[in-house]
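A quick write-up on the structure given underneath.
The values are calculated or read from the model by the stated rules, or taken from the named source; none is laboratory data. Since we're looking at a predicted model, the values are computed, not measured. Neighbour counts run over all protein chains shown; Cβ positions are idealised from the backbone, glycine included.
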């Protein structure tokens, strides 16, 4: 299928990979963005954390919590410019919407738009929203909202509304110390962007997929291969004449100290090593050293994406979030367990109009 410049631009913003790499990924996957992201990750050209993470629209995230701290709402409303996102009229309007959502039950944004406005009762939310667009002078979009309920819920707003977090927990006596601890954890979520509370939330299928990606990305990074495997791959590249004479000469000069070899090899030589390593995938998985490298990277990845396994950012002794929660529960004589969280980052996954960049992509693609 034909891959458009706008699709390449979108994938680049989602992954941070190069334009031609993005074009190749989309071509190989018939334009499937999720598959293209996995393709790039396996090649070591993108990370899971960057998926749809490029901020490409302005606006604000707001939260509202009920008086009993058992129900909370998080809401994102987009604007065209950062200037409007800091406007008090705009932020007050968004806060009012968040309260209305928290006080009622709406299935989605469409249901909210059709409801009577709590801010201007004589109008629907949609009609009042259009009036706010006229008043502020910019297009505004109610993009998304979500609610959490539990024994106790806290919220945290970071960077003046660029990032918002809700956290809920089970707790038999949610005192101020527990709420403060949850606020600290919400700050951690804002900064570290985990995907899950704990590993048990990840399906076996997802775990297998993530491990496969780590295996492939390890093969795509020959410089990090265990030395015996790297030496064997280089020997095969030379034997099969996959390297030119210049790269062979560089290797002969640098092989006594391999630390800087990859700074001097050509891109073609490094790609040849990747291609050869990929052909030995099954064999390497039986190699204890390579298997250990993969398991180490996999364990590190899980610690990054699972909240309770992360090092608590305020800890002086490198304790995990799980240990911090246990300590708070013990010190306060309560049951305390993190249940779930929601994190909104303004504009994630959206595009800001940028004609110059689109033209650049089209030019490089020959369109």
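Just checking, does region 183-200 include any residue being under 30 Å from residue 286 (Cα atoms), more than 18 Å from the chain's Cα centre (by Cα) and exposed (fewer than 15 other Cβ atoms within 10 Å of the Cβ)? For region 183-200, residues under 30 Å from residue 286 (Cα atoms), more than 18 Å from the chain's Cα centre (by Cα) and exposed (fewer than 15 other Cβ atoms within 10 Å of the Cβ): present. Cβ-Cβ contacts under 6 Å between residues 6 or more apart (or on different chains), taken from a first residue in region 340-351 that is outside the structural domain of residue 94 (by TED's automatic domain parsing) and in contact (Cβ under 8 Å) with a residue 12 or more places away in the chain to a second residue that is surrounded by fewer than 19 Cβ atoms within 10 Å (Cβ to Cβ) and not in a loop (DSSP other than H, G, I, E, B), are listed as 342/146; 347/55. Of the residues making up region 116-125, those that are in contact with a strand residue (DSSP E or B) (Cβ under 9 Å, 6 or more places away or on another chain) and surrounded by 14 or more Cβ atoms within 10 Å (Cβ to Cβ) are 116, 117, 123, 124, 125. Checking each residue in region 223-243 for being closer than 21 Å to residue 283 by Cβ, touching a helix residue (DSSP H, G or I) at 6+ places or on another chain (Cβ under 7 Å) and part of a loop (DSSP other than H, G, I, E, B) picks out 225, 226, 242.
Residue 246 fails exactly one of the following numbered conditions: (1) out of contact with any helix residue (DSSP H, G or I) (no Cβ under 6 Å at 6 or more places or on another chain); (2) modelled with pLDDT under 95; (3) in a helix (DSSP H, G or I). What is the number of that condition? Of the numbered conditions (1) out of contact with any helix residue (DSSP H, G or I) (no Cβ under 6 Å at 6 or more places or on another chain); (2) modelled with pLDDT under 95; (3) in a helix (DSSP H, G or I), the odd one out for residue 246 is (2). Within region 73-86, if we keep just the residues that are at pLDDT 90 or above and out of contact with any helix residue (DSSP H, G or I) (no Cβ under 7 Å at 6 or more places or on another chain), the residue that is farthest from residue 166 (Cα to Cα) turns out to be 78.
Screening 166, 148 for residues that are under 25 Å from residue 349 (Cβ atoms) and under 20 Å from the mean Cα position of the chain (by Cα) leaves exactly one candidate, 166. For region 310-322, the count of residues that are in a helix (DSSP H, G or I) and over 26 Å from residue 73 (Cα atoms) is zero.
Taken together, 215, 328 contain a single residue that is closer than 30 Å to residue 177 by Cα, within 31 Å of the chain's Cα centre (by Cα) and part of a helix (DSSP H, G or I), which is 328.
Residue count for region 251-309 satisfying the condition of being touching a residue at least 40 places away in the same chain (Cβ under 8 Å) and part of a loop (DSSP other than H, G, I, E, B): 2.
Within region 343-359, can one find any residue that is at pLDDT 95 or above, touching a helix residue (DSSP H, G or I) at 6+ places or on another chain (Cβ under 8 Å) and over 30 Å from residue 18 (Cα atoms)? The answer is no; no qualifying residue exists.
All conditions in (1) at pLDDT 85 or above; (2) on the phi > 0 side of the Ramachandran plot; (3) surrounded by fewer than 17 Cβ atoms within 10 Å (Cβ to Cβ) hold for residue 70, with the sole exception of (2).
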